[in-house]
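**Q** Please find one structure pasted underneath; my questions will follow.
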């Protein structure tokens with residue numbers, strides 16, 4: 001409709017009431033304006049052969065007023081889903097209060113508990129559904145929404161919108177005249193579609209239980225069948241037979257729901273205590289074998305078969321360094337001279353890239369990403385490659401990235417303790433905490449074990465003294481301050497006692513004395529010092 005979002009945000013009260021009346025008329029009549037059904041689709045090339053349509057990503061431009069209307073519908077539907085517990089606990093995609101860390105933490109905890117402590121093979125099948133959002137069967141979607149208890153009026157409004165929807169292709173800034181009707185898949189470019197897709201898959205977990213299958217056990221009162229983040233699915237199995245049964249059931253579910261598994265992108269990891277693995281019969285789905293792999297990137301984080309994060313550390317450090325080169329381009333084009341601006345750009349671009357989910361993969365080594373900060377300043381100021389990292393931090397007056405990682409760890413810890421008792425992350429946390437108190441082997445590598453080591457290194461008795469959320473919040477700033485002070489003391493000690501560049505150390509001491517004397521002179525001139 002050509003209406004910028006800024007116009008919608010700054011409407012006068014009279015126009016807001018006018019829009020409200022339009023929306024109420026549409027709700028009562030259940031008729032959608034024809035213009036709302038038009039979608040402009042731009043294709044962006046990804047990689048591969050340019051004459052292959054599968055190598056393009058579609059970006060849909062939707063009517064602004066219609067997006068506002070569907071946003072209101074989404075808010076109402078989302079509240080109703082929360083009140084009635086419609087979405088399964090396993091689904092974290094497009095849900096308030098959920099992030100990728102929710103699933104990542106559960107997966108890492110299961111790896112430590114099942115493969116390291118119990119010394120068992122732990123099967124994880126990472127399933128890729130081929131164009132899942134584009135292949136949703138509309139008739140099945142309306143049927144599922146009705147069976148969930150959603151009102152017929154709500155469904156009819158959605159059905160009218162979908163039945164009249166079509167898109168036009170925009171290629172090389174020119175709009176093609178031909179219209180292509182939307183016959184399957186959720187609509188792109190508006191905010192209600194992700195929730196509709198989650199509702200379409202809301203019966204996934206129950207389908208397994210109805211077929212007599214169960215999840216992996218976590219204590220006596222908890223079992224986890226799978227993890228879902230929108231269309232990213234991880235199926236868990238405690239044996240090869242169990243994993244195969246779950247893949248067979250997945251094939252049945254996909255057949256009933258017109259979904260297709262991409263067998264080329266779907267992989268299986270057998271998590272185990274040692275990199276060595278006995279010969280296992282292959283797993284298959286629809287008579288197509290799935291590949292066993294030793295590492296897989298799940299929700300942006302590389303996982304290895306042994307559960308360590310060495311690959312993840314190398315991956316994120318590399319990404320952070322690549323992001324630093326982009327910052328240098330920005331600084332050159334913008335002719336930026338301020339050190340404060342340079343630091344802000346570093347933390348907002350390079351550090352944010354390098355520290356994605358660092359509260360998980362870097363908790364065993366908070367200093368794992370220090371190379372990113374050091375290389376940024378070495379390249380920026382043309383310093384020798386052999387310049388020690390602590391020299392750079394002392395000269396720049398900045399803290400190490402470990403402080404940022406620790407802040408992320410504490411934020412996730414706080415979020416964990418605010419979760420309801422039946423959620424999987426807090427279940428995993430409590431299991432690891434009990435294991436630590438009982439000196440079980442699972443505690444020697446888990447997230448709780450490493451957090452406990454950090455607290456002990458800062459002078460606390462341990463994690464057992466942080467029994468509830470109020471204590472963590474009370475000690476939050478103190479923990480960060482202790483870490484920052486210890487870091488600064490270590491950097492100062494290493495700088496003053498290093499054999500690297502004695503001239504620099506002497507110059508620093510001389511300049512510090514000059515600065516101190518200048519401050520005395522300024523104070524005397526202002527009459528602030530008296531004999």
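**Q** Apply the a/c threshold of 1.5 to the C-alpha gyration tensor of the range 312-500 and tell me whether it is rounded, prolate or oblate. Walk me through the numbers before you get to the answer.
**A** On the way: a/c = 2.28, a/b = 1.79, b/c = 1.28.
Prolate is the answer for the range 312-500, as a/c is 1.5 or above and a/b outweighs b/c.
**Q** Would you mind calculating the relative contact order of the chain from Cα pairs under 8 angstrom and at least 6 residues apart, reporting the percent as a whole number?
**A** 14
**Q** Now, a different point. (1) 76, 50, 48; (2) 89, 63, 50; (3) 114, 43, 41: which one is Cα extents along the principal axes in Å as calculated from this entry?
**A** Looking at Cα extents along the principal axes in Å for this model, the match is (2).
**Q** On a 0 to 90 degree scale, rounded to 10, what angle separates helix 152-163 from the longest Cα axis of the chain?
**A** Around 90 degrees separate the two axes.
**Q** Can you tell me which of 189-199, 42-52 comes out highest on packing, and rank the rest after it, using the mean Cβ neighbours within 10 Å? Before the final figure, lay out each step's value.
**A** Working: 189-199: 19.8, 42-52: 9.3.
Descending mean neighbour count gives 189-199, 42-52.
**Q** Once you keep just the Cα pairs under 8 angstrom separated by 6 or more residues, what percentage relative contact order results for the range 312-500? Write out the running numbers ahead of the final one.
**A** On the way: 166 pairs, mean separation 37.4, N = 189.
Computed value for the range 312-500: 20 percent relative contact order.
**Q** Still on this structure, please answer the following. Expressed as an acute angle from 0 to 90° and rounded to the nearest 10, what is the orientation of the C-alpha long axis of helix 469-496 relative to the principal long axis of the chain?
**A** 50
**Q** Using a 10 Å cut-off around each Cβ, can you sort 101, 419 from fewest to most neighbouring Cβ atoms?
**A** 419, 101
**Q** For helix 502-525, what angle does its Cα long axis make with the longest principal axis of the chain, in degrees from 0 to 90 and rounded to 10?
**A** Helix 502-525 and the main axis of the chain meet at about 80 degrees.
**Q** Oh, and also: So what is the 222 nm mean residue ellipticity for the chain from helices alone, if each DSSP H run of at least 4 adds -39500 (n - 2.57) and you divide by all residues, rounding to the nearest 500 deg cm²/dmol?
**A** Details: 20 runs with 261 residues, N = 531.
Value at 222 nm, helices only, nearest 500: -15500 deg cm²/dmol.
Bear in mind that the values in this text are calculations on the coordinates, not laboratory data. What you see is a predicted model; the values in this text were computed from it and never measured. Neighbour counts run over all protein chains shown; Cβ positions are idealised from the backbone, glycine included.
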